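First the structure, in the form of structure tokens, and then the observations on it.
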Amino acid sequence: YTILSKVHSDRNVYPSAGVLFVHVLEREYFKGEFPPYPKPGEISNDPITFNTNLMGYPDRPGWLRYIQRTPYSDGVLYGSPTVENVGKPTIIEITAYNRRTFETARHNLVINIMSAEDFPLPYQAEFFIRNMNVEEMLASEVLGDFLGAVKNVWQPERLNAINITSALDRGGRVPLPINDMKEGVYVMVGADVPFSSCLREVENPQNQLRCSQEMEPVITCDKKFRTQFHIDWCKISLVDNTKQVSTFQEVIRGEGILPDGGEYKPPSDTLKSRDYYSDFLITLAVPSAIALVLFLILAYIMCCRREGVEKRNMQTPDIQLVHHSAIQKSTKELRDMSKNREIAWPLSTLPVFHPVTGEIVPPLHTDSYDNTSMPLMQTQQNLPHQTQIPQQQSAGQY
């Protein structure tokens, strides 16, 4: 959406009942509402926090949660809408606070909850993932990978993420800040087919005994999750809504029970209608006309004012063209001659003597090299100032 002023325009979203709803409050949307740093060219990275509440109330609806880990990270609204909220627009007021300048920006999020087909899904499974935080699990790519792994071991036709809950909301303890420990997250998914045999392995007596002894159960499909998700199979919950008996009893109205009159709807103030047609034309027609004029001027300059090679050659003197052609021809001939010439090997790369017999080997190119030059290596016969080893003399001679 486009930022219009200090108060953002309303944004409408249409989640489905019984399906996980995730809305990210990106800090980039609100940075333009706050003044930049005083130094030019410095990147603005102000700490921004968000406050969310239902319009007219101090808190959010019961099904909607909000999390923001640090003032330098985005906020996330998430939850699972209920059937009771279908057809009733829920307006959430979102206020952004700049912790450096103490300025605020606000816009409204209108949540229009739609009714989902085949709701609720009869078979629901809740997994506890130990190596994830709730904001990490809410990322679309991570949640998609998890649903893909569940679909491989379950093979349903329809699979939806119903709800995500942090372990801290279930009474879990805050993890120690060592070894990158996570708080854990519960993920509930629903499908339209019965549970697979792999998921049913948790109900085996052997695995139940191992769980009671705080040991890991043996699950055949755990390897499909282990690469990315560490699931605590002892805390998995399988719910089959097809076998549950409805305990709903119709309320018999009698004395002392007031009739249901619905919600109180105060009368709305009459507002004058405003025609935005002229504003729409001014906003679009004027910039479009200016852009068209600039396009025509640029097209005339680029297409109709080109000189071309022929006009350049006509304006250039013939003697200059002849000189240029001769220089190009000579350069091409010199390059062709430099490619075809043979280069003899230097003497430093030729052998001086035979490696087996020890005989002196003459240079291969006697005609192209100077014969008077000495080889780089000399034999013992050619070495000057060679020290003679005294020979052993016969007895009686000194």
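The values are calculated or read from the model by the stated rules, or taken from the named source; none is laboratory data. Since the structure is predicted, the reported quantities are computational estimates derived from the model, not experimental observations. In this analysis, Cβ positions are derived from the backbone assuming ideal geometry, glycine residues included, and neighbour counts consider all displayed protein chains. Note: accessible area is taken over every heavy atom of the protein model, side chains too, but ligands, DNA and RNA are not part of it. Shrake-Rupley method; radii C 1.70, N 1.55, O 1.52, S 1.80 Å.
Summary of computed values
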{"quantity": "Distance between modelled label sites at VAL218 and ILE297, nm, 7 Å Cα→Cβ extension", "calculated": "8.2"}
{"quantity": "Within straight-line cross-link reach of LYS265, lysines at Cα separation under 24 Å, skipping those fewer than 8 residues along the same chain", "calculated": "LYS88"}
{"quantity": "Efficiency of FRET from Cβ geometry, TYR264 and SER237, R₀ 45 Å, rounded to 0.05", "calculated": "0.70"}
{"quantity": "Solvent accessible area, Å² - GLU310, 1.4 Å probe, full protein context", "calculated": "150"}
{"quantity": "Considering only segment 8-113, percent of DSSP beta bridges that pair antiparallel, nearest 5", "calculated": "90"}
{"quantity": "FRET efficiency for VAL110 and ASP169, using Cβ-Cβ distance with R0 set to 30 Å, rounded to 0.05", "calculated": "0.70"}
{"quantity": "Solvent-accessible surface ranking, highest first, for ARG173, ARG60 at 1.4 angstrom", "calculated": "ARG173, ARG60"}
{"quantity": "Shape call, segment 123-240: gyration tensor on alpha carbons, a/c limit 1.5", "calculated": "oblate"}
{"quantity": "Relative contact order (percent, whole number), segment 8-113, Cα cutoff 8 Å, 6+ residue spacing", "calculated": "40"}
{"quantity": "Ordering of 61-69, 122-130, 106-114 by burial proxy (mean other Cβ atoms within 10 Å per residue, highest first)", "calculated": "122-130, 106-114, 61-69"}
{"quantity": "ASN131/ASP59 FRET efficiency (R0 25 Å; Cβ-Cβ; nearest 0.05)", "calculated": "0.20"}
{"quantity": "Net length gained if the chain between LEU176 and MET337 were fully extended (0.36 nm per residue, minus Cα distance)", "calculated": "50.3 nm"}
{"quantity": "Computed label-point distance, nm, for sites THR227 and THR283 using a 7 Å Cα→Cβ extension", "calculated": "4.8"}
{"quantity": "Residues of type lysines that LYS224 reaches as a straight line, Cα spacing below 27 Å, ignoring anything fewer than 8 places off in the same chain", "calculated": "LYS151, LYS182, LYS235"}
{"quantity": "Portion, in percent, of the accessible area of segment 8-113 that falls on carbon or sulfur, probe 1.4 Å", "calculated": "52"}
{"quantity": "Solvent exposure, largest accessible area first (probe 1.4 Å, DNA, RNA and ligands not counted), of ILE48, ILE297", "calculated": "ILE297, ILE48"}
{"quantity": "Tensor-based shape of segment 8-113 (alpha-carbon gyration tensor, a/c under 1.5 rounded, otherwise prolate or oblate)", "calculated": "prolate"}
{"quantity": "³J(HN,Hα) computed for each position of segment 60-77 - Karplus, 6.51 cos²θ - 1.76 cosθ + 1.60, integer Hz, glycine/proline x", "calculated": "8, x, x, 8, 9, 10, 9, 8, 8, 6, 9, x, 9, 10, 6, x, 9, 9"}
{"quantity": "Spin-label pair ILE91/HIS324, simplified geometry with 7 Å Cα→Cβ offset, distance in nm", "calculated": "7.3"}
